[in-house]
Amino acid sequence: MTSLFEACRRHAEHFGAVLRTANTRYLASENAPPDGLVLFDRERQNIEAAWRWISENAEDPRAMELCAEFPNFGPYILSMRLPARAWQSWLHSALQASGQCGAKRTQASHLGNLGVTHRRLGNVDQAIAAFEAQIALARELQLPQLEATAEGNIGLCHADRSDFRKAIEHQEINLRISREIGFRRGEAIALGNLGNAYADLGESERASRAYEDQLAIVRVIGDRQGEANALGNLGLVAIDVRDHVHAIEYFGQQLSLCREIGDRIGEGNALFSFGRAYDLAGDVARAIECTEEGIAILDETSHPLANEAREFFSKLVARQ
């Protein structure tokens, strides 16, 4: 006869597999909403019940192994669906269990996710500490891709503090390692982050070069979301240097691409940016039209940029 403990363990293993399937489907899905999110939402109560049992019984070796691995079954979905502090609690429990199991690679993964969550909550010092611990493990385990990603995340933390020179130092390390190991996606991300830091420093020419290098890579590797982001950033730099012609060109490409891939937030951003570019060109009526359309989408997606777009819209209307 199966014991209650064994039945709960099997339940946890089964819904761990469901979570892994949901995460895989989410990453592969082109539907809206993604298939993986639909599956997770349908089974969320069972998945969370499985985690509660695992975390409450982590002193048992079998439950401890599950506790160490469970958050890694669905990190993308869990980071989106769980409140930040709940996700943080999962990661703390998993980090402790993976340490007790001696699963250093798993520890390194949890440290990275924990750092991202600390940053999301505004705990920059704790985020940096988590990423630095991740780097130490990545070096010990000879995982340069993980090391590069952690360096990039530390750079983002410094950017959050407006210490853009320090941010650039870490993004340069990220870029160097990514190039050494041929990690093209990481190289593109590092270039985009470098472009952002240079743009924040007002160094428009260096920002443009970084975004152009990023754009070339994402087009080669087929990263259409990265392509849309790079085009939008190039457009923003063009606005900074008051080049409305190129700004409109870049935002047009960004908008078309966002609509093709179903990126509603990107679409709303592009339309708001179009409004700024048309305003720079002196076409206030077109600026109002684009900004109003952008606000509707940003409101629909609950994006914080909607408030800034609304303020800009009010100024446009007052000048009409």
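The values are calculated or read from the model by the stated rules, or taken from the named source; none is laboratory data. Here the structure is a predicted model, which is why all the values come from computation and not from measurement. Backbone-built Cβ (ideal geometry, glycine too); neighbour counts: all protein chains shown. Ligands, DNA and RNA are stripped out before the accessible areas are found, and what is left, the full protein with its side chains, is counted by its heavy atoms. Shrake-Rupley method; radii C 1.70, N 1.55, O 1.52, S 1.80 Å.
Of all residues in the stretch 267-291, those that are in contact (Cβ under 8 Å) with a residue 24 or more places away in the chain and open to solvent by less than 40 Å² (accessible area, probe 1.4 Å) have Cβ atoms under 9 Å from Cβ atoms of residues that are outside any helix (DSSP H, G or I) and among the aliphatic types (A, V, I, L, M), 6 or more apart or on another chain, in A287/A281. When each of Q145, Q126 is tested for being open to solvent by 40 Å² or more (accessible area, probe 1.4 Å), under 24 Å from D223 (Cβ atoms) and part of a helix (DSSP H, G or I), the lone residue that passes is Q145.
Within the stretch 159-174, the set of residues being open to solvent by less than 70 Å² (accessible area, probe 1.4 Å) and touching a residue at least 24 places away in the same chain (Cβ under 8 Å) comprises A159, F164, A167, I168, Q171, I173, N174. Scanning the stretch 225-244 turns up no residue that is open to solvent by less than 60 Å² (accessible area, probe 1.4 Å) and over 27 Å from I168 (Cβ atoms). Checking each residue in the stretch 89-101 for being open to solvent by 30 Å² or more (accessible area, probe 1.4 Å), touching a residue at least 12 places away in the same chain (Cβ under 8 Å) and either small (G, A, S) or under 19 Å from A17 (Cβ atoms) (or both) picks out only S93.
Being surrounded by fewer than 23 Cβ atoms within 10 Å (Cβ to Cβ), in contact (Cβ under 8 Å) with a residue 12 or more places away in the chain and over 27 Å from A188 (Cα atoms): is that true of E132 here? The answer is no for E132. The set of residues from the stretch 44-88 being open to solvent by 60 Å² or more (accessible area, probe 1.4 Å) and farther than 23 Å from S29 by Cβ comprises R52, E56, E59, P61, R62, E65, E69, P83, R85.
Screening W53 against (1) at pLDDT below 95; (2) within 23 Å of Q88 (Cα to Cα); (3) more than 28 Å from the chain's Cα centre (by Cα) leaves a single unmet condition, (1).
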